Amino acid sequence: MRRLRRWLVWSLVVLLASPGLANGFSRLMAGMELPAVDGESIDGGSVHLSDHTGKRATVVVFWATWSDNSLPALRRLAAYKEAIASGDLGVVSVNVEAQAPTDVERAKVAQVAAAEHLPFPVILDRGLDRFHRFGVVAVPSTILLGGDGRVAELLIGYPLVGRDGFFRHLDELLGKVPKAARPAAKVLPKAAVRLTHLAERLLVRDRHAVALEKLAEAERIAPDFLPAYRLAARIHLAAGDAKAAAAAANRCLATASEDAECLLLAARAQVAEGDGAGARARLAGCVEQHPDYAACLALLGSLEVKGGEATGLDRLTRAVALNPLDPDIQELLGEGRVAAGDPKGGAGALRRAVELRMASRLGGP
Amino acid sequence: MVHGNLRFCVAVAALLLLVATPATARFRLHRGDVAPAIPVADTDGQPVTTGGATTSVLLFVRGGQARSDHLLTAVAALKETRRGTRTVVVASPRGPVPALPAELSAVVAHDAQGATFKAYGVVMTPTTVVVDGAGKVVAVIAGVGQDFGGRLGAALDAAAGRPYNEVLLTGGESPAAAQARGELERARLLAADGKSEEALAAAKAAAAAAPGEIAARLLVGELLLATGASGEARADFEQILKDHPRQPQAEIGLGRALLATGEEKRAVELLKKATRTNPNPVRAHYALGRYYEGQSRWDEAVAEYRAAVAKLKEGRR
């Protein structure tokens, strides 16, 4: 019980203090091997990602029927898959309809899959285990794996700017077009990944100082390994050390200046240090580069609402539409609505934030 | 509907986390269950099997972990106890294959993908699972405590059909408590899986098997509430409070049941009291928030939800 409480305190502090860990592909980056994606398919069979890898490219797409952009993304992917020899491209889709989908919701997902003749399996992510494990930031979100099984690209949402580039990258992997000059994803030392996972486990045991040491070690081994910087920044933010959080986030940005989550964490550190204007500028940059990154949208919207700007609520509403399963975003929307003089709407969003936080504890890591 | 039966999850979630779970209850397998197949080959590439008229002692260990080494040494020393049985060492994916003590002769399998750990629901190392010759689980022994030798001996006696010490075999649990624990675990899994009616039946069976087991009674109340049987839930929580007048979770449960049955004044009093006195008042705040929302008292609802979020962020329930 004591261990459970400790786990709850630290994991909740770290998880909930930042939308990042729960919602930002925070454990993934280009060059990493993807953990197993297995599960029960919507038609009752079992799906293993390993059955779909080992090809020239593999795509894993997270989607839901309530997401406006999911259907266009699925249709394009389905059409693409149909036109490719089956031995070249593997596709697995993960439906993130709800924490505990009802029979009606399950039927709806099956209906969409059948109506769209999806030529790839649909895993029903009951308990949103994979959604949280991979830190899906917006729905849909897509992972592209190369022939070596490593992450080649992550597409957050289905943004107008970005999706064509994603399919272009897919074309390249399949040899349909010449390879563009893009920096090759580095093969990340497994030791850095292991140390970061160890740090996560140490957090569970309330040993955050040791966790930070392990992350520093991971940084030394692999200075390009972003998840280590991200986790360190989140730990510092949760502990109220904005300066150290800013330092970790800035080290991350020095490695990958456009990384959405590192931009978010740097902005959060700025907010914590009282630099609201700086945070807003950074978040505006994040939103421009990653229009579907819900966490940046939500924080920017929240700051705008506090500044009395009408655009704030629109951003918050859009962030929730992109990721209604994120309690932090729901909370920001609730507070934004209250601040904008809509306590009824605020109560609704805050209620949802409470429900999501409580329900997400069912599975646990 | 984005959240589906989220409310049901919410209804069960806090309780699932609230109730202390005995170490062995965390395992998926219980006595009498059919042991899953072992999906990995041994280090010689041969398939690993259980059953086949021979009792198997499965040692789930992690290479490099002192406690696992301690278990291997302890099992090696129990050579006579293990006579005529098959010993299988299943090495965790989190570590290398451990070196075995010279006296321990065993089949070794490196569970590199964690498939065997998953199939057996093993969540900690070391863990010992005894499977009888018919392929059924006889005992799951977590860790390597002082009574390990006795427990393993009792399990092997039971597996061989010899007289055995029930108390040792079950780790000191009475058969009724063991049955209640099994049913309670099943109820939790069913509830987490959204199967509320089956979960309720299992929780009731657990409560019937061990009436003193408050966790089972609380779960029955929660599931009654979640399935809309508010009147029954109210009676259940009232009975718990008669037996345990200050049981904090039952107070919140009763408050919620009273709200559902229309006794709002008493319900609000109880729930407000819980928000002041219960260290884990999230459910009370949430119930009050919903009540105020129903009354169009938005500011009060907002205040309750904010308080719930704040408590959740503190790690409270």
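The values are calculated or read from the model by the stated rules, or taken from the named source; none is laboratory data. Given the structure is predicted, the values throughout are model-derived calculations rather than measurements. Heads up, the Cβs are rebuilt from the backbone with ideal geometry, glycines too, and the neighbour counts pull from every protein chain shown.
Does any residue of the range B:308-315 turn out to be in a loop (DSSP other than H, G, I, E, B), within 29 Å of A:ALA340 (Cβ to Cβ), within 9 Å of chain A (Cβ to nearest Cβ) and free of Cβ contacts under 8 Å to residues at least 40 places away in the same chain? Spell out the reasoning first.
The first filter runs over the range B:308-315 and keeps only residues in a loop (DSSP other than H, G, I, E, B), leaving B:314-315.
Filter once more, keeping what is within 29 Å of A:ALA340 (Cβ to Cβ): B:314.
Applying the additional criterion that residues be within 9 Å of chain A (Cβ to nearest Cβ) yields B:314.
Going one step further and asking which of them are free of Cβ contacts under 8 Å to residues at least 40 places away in the same chain, we end up with B:314.
Yes, that holds for at least one residue.
Residue-level analysis places B:LEU100 outside the set of residues that are crowded, with 22+ Cβ neighbours inside 10 Å and either among the hydrophobic types (A, V, I, L, M, F, W, C) or within 14 Å of chain A (Cβ to nearest Cβ) (or both). Among residues of the range A:144-155 that are in contact (Cβ under 8 Å) with a residue 60 or more places away in the chain, those with a Cβ under 8 angstrom from a residue that is of a type in the set (Phe, Trp, Tyr), sequence gap 6+ or separate chain, pair up as A:LEU144/A:PHE166; A:GLU153/A:PHE166; A:LEU154/A:PHE25. Restricting attention to the range B:291-306, the residues being assigned to a helix (DSSP H, G or I) and more than 7 Å from chain A (Cβ to nearest Cβ) number 6. For the range A:247-280, residues that are under 22 Å from A:GLY308 (Cβ atoms) and either in contact (Cβ under 8 Å) with a residue 60 or more places away in the chain or assigned by TED's automatic domain parsing to the domain that holds A:GLY308 (or both) total 1. Considering the range A:21-133, the qualifying strands (runs of 3 or more DSSP E), each wholly inside and each with 2 or more residues that are free of Cβ contacts under 8 Å to residues at least 60 places away in the same chain, buried (at least 16 other Cβ atoms within 10 Å of the Cβ) and more than 14 Å from chain B (Cβ to nearest Cβ), run over A:89-95.
Residues in the range B:168-180 that are in contact with a helix residue (DSSP H, G or I) (Cβ under 8 Å, 6 or more places away or on another chain) and within 30 Å of B:ALA53 (Cβ to Cβ): B:LEU168, B:LEU169, B:THR170, B:GLY171, B:GLU173, B:PRO175, B:GLN179. Scanning the range A:305-319 for residues being within 15 Å of A:PRO291 (Cβ to Cβ) and of a type in the set (D, E, K, R) gives a total of 3.
Count of the range B:213-258 residues, restricted to those that are out of contact with any Gly (no Cβ under 7 Å at 6 or more places or on another chain), of a type in the set (Asp, Glu) and in a helix (DSSP H, G or I), is 4. Counting residues in the range A:45-66 that are more than 26 Å from A:LEU265 (Cβ to Cβ), under 18 Å from the mean Cα position of the chain (by Cα), modelled with pLDDT of 90 or more and of a type in the set (Phe, Trp, Tyr) gives one or more. For first residues located in the range B:214-241 and without any contact (Cβ under 8 Å) to a residue 24 or more places away in the chain, partners that are buried (at least 17 other Cβ atoms within 10 Å of the Cβ) and basic (Lys, Arg) and lie 6+ apart or on another chain with Cβ distances below 6 Å form the pairs B:VAL220/B:LYS204. The listed residues are A:ALA269, A:ALA246, A:ALA281, A:ALA242, and the only one of them that is over 26 Å from A:ALA138 (Cβ atoms), hydrophobic (A, V, I, L, M, F, W, C) and over 17 Å from the mean Cα position of the chain (by Cα) turns out to be A:ALA242. Checked against the criterion of being surrounded by fewer than 15 Cβ atoms within 10 Å (Cβ to Cβ) and touching a residue at least 60 places away in the same chain (Cβ under 8 Å), the candidates B:ARG67, B:ARG82 yield just one match: B:ARG67.
Being surrounded by fewer than 20 Cβ atoms within 10 Å (Cβ to Cβ), at pLDDT 50 or above and polar (S, T, N, Q) is the requirement here; does B:THR54 meet it?
On the way: surrounded by fewer than 20 Cβ atoms within 10 Å (Cβ to Cβ): yes; at pLDDT 50 or above: yes; polar (S, T, N, Q): yes.
So B:THR54 fits the description; yes.
Entry remark, the range B:145-184: residues being surrounded by fewer than 21 Cβ atoms within 10 Å (Cβ to Cβ) and either in contact with a Leu (Cβ under 8 Å, 6 or more places away or on another chain) or of a type in the set (D, E, K, R) (or both) number 9 in total. Checking each residue in the range B:49-94 for being of a type in the set (Asp, Glu) and in a helix (DSSP H, G or I) picks out only B:ASP69. With respect to the conditions (1) more than 14 Å from chain A (Cβ to nearest Cβ); (2) within 20 Å of B:TYR305 (Cα to Cα); (3) among the hydroxyl-bearing types (Ser, Thr, Tyr), B:THR261 lacks only one, and its number is (2).
Do we have A:VAL96 as closer than 17 Å to A:ARG130 by Cα, aliphatic (A, V, I, L, M) and at pLDDT 85 or above here? Outline the logic, then answer.
Values: closer than 17 Å to A:ARG130 by Cα: yes; aliphatic (A, V, I, L, M): yes; at pLDDT 85 or above: yes.
Judged against the criteria, A:VAL96 is a match.
Residue check: B:ASN280 meets all listed conditions (1) more than 8 Å from chain A (Cβ to nearest Cβ); (2) assigned to a loop (DSSP other than H, G, I, E, B); (3) over 12 Å from B:ILE252 (Cβ atoms) but one, namely (3).
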